[in-house]
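Please read the structure below before turning to the comments.
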């Protein structure tokens with residue numbers, strides 16, 4: 001194990017609040033929970049050990065700064081430390097850890113930066129608790145829909161506002177976390193890929209061109225609930241048998257469209273709620289949630305159209321009414337070309353093989369890119385498994401990521 | 001409105017604990033709830049007003065007896081007063097109400113019965129709260145699996161044992177409610193049809209031959225949960241797209257089999273649980289509940305076999321493992337021929353058109369039939385709607401049912 005691997009390993013477990021990585025039960029540090037806060041405290045300790053200056057903004061993002069002076073630009077890095085429930089120990093942590101590790105490397109090389117370097121530990125990136133993602137980076141980049149969020153609740157009925165105040169923040173001022181354009185020169189996030197493109201191409205890192213933001217549809221199919229035993233087969237308005245072919249259709253259409261598309265599309269019927277969901281009652285209502293992603297926004301839109309049309313054909317054949325509601329319709333985010341080139345150059349210099357790719361998942365960087373030239377560097381995770389206790393990235397891959405970030409920084413702050 | 005219709009209407013609302021029938025929100029008197037108990041108290045009042053003797057057994061069934069003497073046989077009638085959540089005001093109530101109404105008619109005719117007549121108000125017929133149906137009649141007929149039931153809980157974590165003790169009973173002695181074969185000569189239940197066969201054939205009542213008890217299957221399809229945005233379409237093990245065609249298959253097969261069957265079969269995929277059921281995660285596990293009913297036990301078994309085979313073909317095509325678990329496998333219950341003939345005779349005498357039919361739903365009578373010669377009389381409910389606030393049976397149909405029961409009783413106790 002190299003020195004930097006030892007350092008990364010030691011701080012990986014610290015940031016995960018454990019003595020050894022737990023690949024069985026995983027990690028649960030939900031948004032604005034005491035566990036997320038505890039991880040932020042550990043991050044603060046490590047940053048202080050590296051001599052960095054700590055500042056917490058109004059949305060709970062923690063900024064660790066290698067401060068040069070007030071009149072020089074700031075180069076920012078960062079990711080998050082919250083997790084889904086029973087998630088892995090690398091999603092988010094990898095970005096924070098490698099940014100700290102890069103500072104460590106640069107200090108060992110006695111670098112004297114001519115620009116400020118800031119690591120941002122974003123608050124509450126995962127949507128698992130409140131159904132809202134990237135709250136911290138939305139606040140920094142001025143994208144927080146505060147009014148809409150006030151009444152959002154978790155599964156225990158705790159409002160986001162209450163959780164934020166328990167976290168030690170003031171709901172009334174969280175939007176004050178917004179920073180002016182002049183505050184940063186650029187932003188780069190490192191994240192685990194959560195896919196297998198780097199592995200598949202036997203590369204070391206991925207340099208992201210675009211982030212495929214989703215279209216999300218909520219399909220509600222209403223038939224008529226009735227007794228399973230007393231309602232003849234030909235007198236039913238079963239909402240589940242009516243809508244079931246749509247599940248197959250979504251997959252078929254995505255596969256078919258991919259034959260023609262350069263940037264692939266993914267589409268998933270990921271949620272379902274059956275009412276009344278009782279063994280002796282015919283389903284009277286079925287609600288399906290569909291997630292469609294591609295950096296090709298036209299293709300996403302096309303599939304959403306096809307789904308809407310297919311639902312109409314079902315309505316014509318069956319005694320059901322189907323409502324197609326667009327929950328989310330976000331255009332893809334394209335990252336800064338110059339930052340991509342700089343990350344390529346840094347990788348080349350270190351003789352690491354990089355692949356240009358798109359991200360199917362959203363990250364804090366997509367908000368930051370709205371305001372600042374931004375980049376996203378991927379490192380592999382085994383078999384693409386993520387949001388799962390088995391999520392894993394080797395120390396060797398964490399080292400590679402750290403070195404690319406350090407090389408990039410060194411050039412930027414020269 | 002006839003006198004007896006007035007009487008039925010007055011006592012219908014009393015038993016439903018209201019002043020007027022509520023067709024908007026329906027009725028919620030779950031098993032062993034304070035609402036069920038309150039309905040039992042009202043039943044007791046009405047029975048006492050009719051001069052009947054009240055006795056509550058160890059399982060909470062209330063027996064209202066027109067007592068002649070200890071050495072003469074007892075003719076029993078009965079149904080239940082509990083409901084599903086937001087159910088109708090006739091399922092169960094109709095049987096209790098018309099039995100009381102029949103006593104009222106016989107008393108008006110100054111009948112002097114030579115046998116005892118008992119109306120049993122069964123405790124806890126609906127499975128909506130604890131997932132267990134017909135608890136009271138199971139206890140009377142010695143079919144209560146007490147050990148299995150001890151740890152059964154409702155959606156709020158209250159055990160059946162706790163609910164029963166709150167209801168005022170002693171869990172340790174509920175099985176003492178079992179009655180010897182000699183206790184009753186026969187049992188007849190009146191129930192709303194919860195289907196439309198009587199309506200469709202423009203008849204007045206239905207006389208049931210057999211009760212189609214279900215086969216219930218629990219299908220668990222396990223794939224692999226993964227990120228919806230980062231997992232390419234061709235690298236997925238989506239449990240939902242894998243199992244979805246089964247939903248269509250079950251309906252297709254039931255329709256196809258019915259072309260050949262004399263006693264029709266019904267099959268319903270009535271429940272579904274998706275894990276993790278999150279918008280950005282591919283379904284890793286899907287559990288479906290299937291309810292199959294017919295008085296033709298062979299046909300039920302055949303469909304269950306076909307479903308099991310179909311799941312094997314899915315496993316061969318997809319990266320999923322499918323487990324088919326039989327939750328319930330009950331053979332149909334056939335009712336007593338002599339009682340059917342007596343109910344036919346009573347209907348004929350009153351110039352009512354009766355249809356011989358099967359019941360797709362289970363009722364308390366199926367347990368009673370295990371020990372005593374038993375019958376089941378159906379009266380229509382509008383459009384077959386049941387387990388729903390809109391459930392409705394006209395006073396005219398309630399009167400017809402009351403008169404058939406009174407006529408049947410008069411012959412029996414002569």
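In the assembly of identical copies, residue A:72 has its label point, taken 7 Å from Cα in the direction of the beta carbon, separated from the corresponding points by 11.0 nm (ascending, one decimal). Label-to-label distance for residue B:252 and residue A:67 is 7.0 nm, based on points extended 7 Å past Cα in the beta-carbon direction.
Considered as an equivalent ellipsoid built on the Cα gyration tensor, the protein assembly as shown has semi-axes of 67, 27, 22 Å, the largest given first. The fewest-to-most ranking of A:352, A:368, B:357 by surrounding Cβ atoms within 10 Å reads A:352, B:357, A:368. For the pair residue A:200 and residue A:315, label points projected 7 Å from Cα toward Cβ lie 3.7 nm apart. The mean number of Cβ atoms from other chains found within 10 Å of a Cβ in peptide A:261-271 is 6, as a whole number. Taking other C-beta atoms within 10 Å as the exposure proxy, B:7, B:171, A:66 rank B:171, B:7, A:66 from fewest upward. Residue B:395 label point (Cα plus 7 Å toward Cβ) to equivalent points in the other copies: 8.6 nm, shortest first. What is the calculated FRET efficiency for residue A:351 to residue A:24, with r their C-beta to C-beta distance and R₀ = 35 Å, to the nearest 0.05? That pair, residue A:351 with residue A:24, gives E of 0.45. Could you tell me the relative contact order of chain B? Use alpha-carbon pairs under 8 Å, at least six residues apart, and round to a whole percent. The value is 23 percent. A quarter of the convex hull surface defined by the alpha-carbon atoms of chain B gives 21.5 nm² as the mean projection. Over all directions, the projected convex hull of the C-alpha atoms in the range B:70-137 averages 5.3 nm² in area. For the range B:1-43, state what percent of all Cα-Cα pairs lands in each successive 5 Å bin, counting from 0 Å until the bin that includes the largest distance. Taking all Cα pairs of the range B:1-43, the binned fractions are 6, 22, 25, 23, 15, 7, 2, 0 percent.
A Stokes-Einstein calculation at 25 °C with viscosity 0.890 mPa s, built on the Kirkwood radius of the range A:209-257 over Cα pairs, returns a diffusion coefficient of 177 µm²/s. Max-minus-min Cα coordinates of the range B:215-329 on each principal axis give 52, 22, 18 Å, with the largest extent listed first.
Taking the Kirkwood radius as Rh and the Cα radius of gyration as Rg, the range A:12-116 has a ratio of Rg/Rh equal to 1.00. Here the label points at residue B:159 and residue A:396, each 7 Å from Cα along the C-beta direction, are separated by 5.5 nm in the simple model. Each pair of Cα atoms in the range B:53-108 enters the Kirkwood radius, and Stokes-Einstein at 37 °C and 0.692 mPa s then converts it into a translational diffusion coefficient of 252 µm²/s. In chain B, the DSSP beta bridges split such that about 65 percent are antiparallel, to the nearest 5.
Placing a label point 7 Å from the Cα of residue B:411 along the Cα-to-Cβ direction, the distances to the matching points in the other copies come to 9.9 nm, shortest first.
Taking every alpha-carbon pair under 8 Å whose residues sit at least 6 apart, the range A:215-329 reaches a relative contact order of 43 percent.
Using R0 = 56 Å, the C-beta based FRET efficiency linking residue A:150 and residue A:1 works out to 0.70. Within the listed set B:263, B:28, B:141, the residue fluctuating most in the Gaussian network model of chain B (springs between alpha-carbon atoms under 10 angstrom) is B:263. May I ask for the angle, rounded to the nearest 10°, between helix A:337-349 and the longest principal axis of chain A, with both axes built from Cα atoms and the value confined to 0 to 90°? Orientation of helix A:337-349: about 60 degrees from the principal axis. Ranked by how many other Cβ atoms sit within 10 Å of their own Cβ, fewest first, the residues B:400, B:390 fall in the order B:390, B:400.
The value obtained for the range B:235-285, namely the Cα convex hull volume divided by the number of residues, is 74 Å³ per residue.
Where both bridge residues fall in the protein assembly as shown, DSSP classifies roughly 65% of the beta bridges as antiparallel.
Structure remark: mean-square fluctuation, Gaussian network model of chain B, C-alpha springs under 10 Å; the largest value among B:194, B:341, B:316 belongs to B:316.
Enclosing the Cα atoms of the range A:43-194 in their convex hull gives a volume equal to 119 cubic angstrom per residue. Inter-chain Cβ neighbour count for B:240-250, averaged per residue, equals 6 (cutoff 10 Å, partner chain atoms only). Using just its DSSP H runs of length 4 or more, each adding -39500 (n - 2.57), the protein assembly as shown gives a mean residue ellipticity at 222 nm of -10500 deg cm²/dmol after division by all residues.
Values quoted throughout were computed directly from the atomic coordinates according to the rules given, and no laboratory measurement underlies them. Since we're looking at a predicted model, the values are computed, not measured. Heads up, the Cβs are rebuilt from the backbone with ideal geometry, glycines too, and the neighbour counts pull from every protein chain shown.
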